[in-house]
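One structure below.
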Amino acid sequence: MCGAGGSITDVPGIRVGHATDPDGRTGCTVVLPEERAVAGVDVRGSAPGTREVELLHPVRLVHAVDAILLTGGSAFGLDAAGGVQQFLEEHGRGFDTGTVKVPIVPTAVIFDLALDGKQVRPDKEMGYRACLAAQLEVCAQGRVGAGAGATVGKVLGPTRAMYGGVGTCAARLGPVTVGVLVVVNALGNIIDPRTGRTVAGATDPASGEFVDPVAALAAHPPTTLAMPPNTTLAVVATDALCDREQATKIAQMAQDGIARAVCPAHTMYDGDIVFALSVGSAVMDISALGALAAELVAQAIVNAVLAANQPSDQAA
């Protein structure tokens, strides 16, 4: 397992912006490459909420995207993509149709509606604000942006859960940089693959210890708990040269990182999705890139919950 440091913004040309409603405990996070990026996607969870994701698959016309948006608000939060499109259009970005440039913004959501019972949802204005906030510096982690209302370890219901959030990290592989950003809102517990230790998740009300999430899920089916949907989202970015099929393969391999750090992962109640972006021209073996991406996704998930559950209640 690679170290915990770095940020997806270590990849040249990648900006990240958060827009957060701390009272409504929701928000959105935009990954904004300086130039259009070749992209791939892998959808592994059974309850995804998406926009403009189908076009990332092979045998589609559009090969590159202008931004990736991760947002709270469940399907309502998809409205925030309109603000990202507005920002990009104002800056002359988008797929050139010959008459107008149409910004391509694949979007994925987490379900954070039930945390406080409030009705604040990311909208077009919030998506625009996230773009205005996008910067090349190390991005904030924890309960910010799309992770503001995220929770993990909901196998005993939301009252026994802990905070999820945004996490990031990066590493070098020869001449190539790979960076990852995740939003962790998982049904399962979070395990640090380096130690095998559970670092966040459902706790037993009597002992305060972390429960066995698989046993708990079997004993307490979601139908008896009115369990809200979940989801872990990830964006992998690299300055290696990839076509769409290769980017898709990296996204597929990066899903292994979710399975290493979340137990259980890819359930019927999660909408787990990984995007992969190629923004450079360096040459590197695709399998090596995918293997590193999986390690980084697992580490970023751990980083997210550690930042979100700090005693100071502050994002890192």
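The values are calculated or read from the model by the stated rules, or taken from the named source; none is laboratory data. Remember, it's a predicted structure, so these values are computed and weren't measured experimentally. Methodologically, a virtual Cβ is constructed for each residue, glycine included, from the backbone with ideal geometry; neighbour enumeration extends over all protein chains shown. The area values use the complete protein model at the heavy-atom level, side chains included, leaving out ligands, DNA and RNA. Shrake-Rupley method; radii C 1.70, N 1.55, O 1.52, S 1.80 Å.
When nucleic acids and ligands are ignored and a 1.4 Å probe is applied, residue 253 ends up with an accessible area of around 40 Å².
Taking 0.36 nm per residue of separation and subtracting the current Cα-Cα distance, fully stretching the chain between residue 220 and residue 102 would add 37.8 nm.
For residue 13, the shell of other residues with beta-carbons less than 14 Å away shows a net charge of -3, using +1 for Lys and Arg and -1 for Asp and Glu.
With an a/c value of 1.5 or above and a/b not larger than b/c for the gyration tensor axes a ≥ b ≥ c computed over the alpha-carbon atoms, the stretch 17-70 is described as oblate. Under the rule a/c < 1.5 gives rounded, and otherwise a/b versus b/c splits prolate from oblate, where does the stretch 67-210 land using the Cα gyration tensor? Oblate shape, in that a/c is at least 1.5 and b/c is the bigger or equal ratio. Positive contributions from Lys and Arg (+1) and negative ones from Asp and Glu (-1), summed over other residues with Cβ under 11 Å from the Cβ of residue 299, come out at 0. With both labels modelled 7 Å from their Cα along Cα-to-Cβ, the residue 206 to residue 286 distance reads 5.2 nm.
Which of the lysines could a cross-linker bridge to residue 124, judged by Cα under 21 Å and excluding same-chain residues fewer than eight apart? Cα-Cα hits under 21 Å: 101. Mean sequence separation of contacting Cα pairs (under 8 Å, at least six apart), scaled by the length of the chain, corresponds to a relative contact order of 26 percent. With protein chains left intact and a 1.4 Å probe, residues in the chain average 38 Å² of accessible area per residue. Packing-based ranking of 204-217, 40-53 yields 40-53, 204-217, ordered from highest to lowest mean Cβ neighbour count within 10 Å.
Where (1) 119; (2) 140; (3) 171 are the candidate values, the label of the one calculated here for volume of the Cα convex hull per residue in Å³ is (1). Find out how many positive minus negative residues lie around residue 47, taking Lys and Arg as positive, Asp and Glu as negative, among other residues whose Cβ is under 12 Å from that of residue 47. Cβ neighbours under 12 Å give a net charge of -1.
Taking a ≥ b ≥ c as the square roots of the eigenvalues of the Cα gyration tensor, an a/c ratio below 1.5 marks the stretch 1-106 as rounded.
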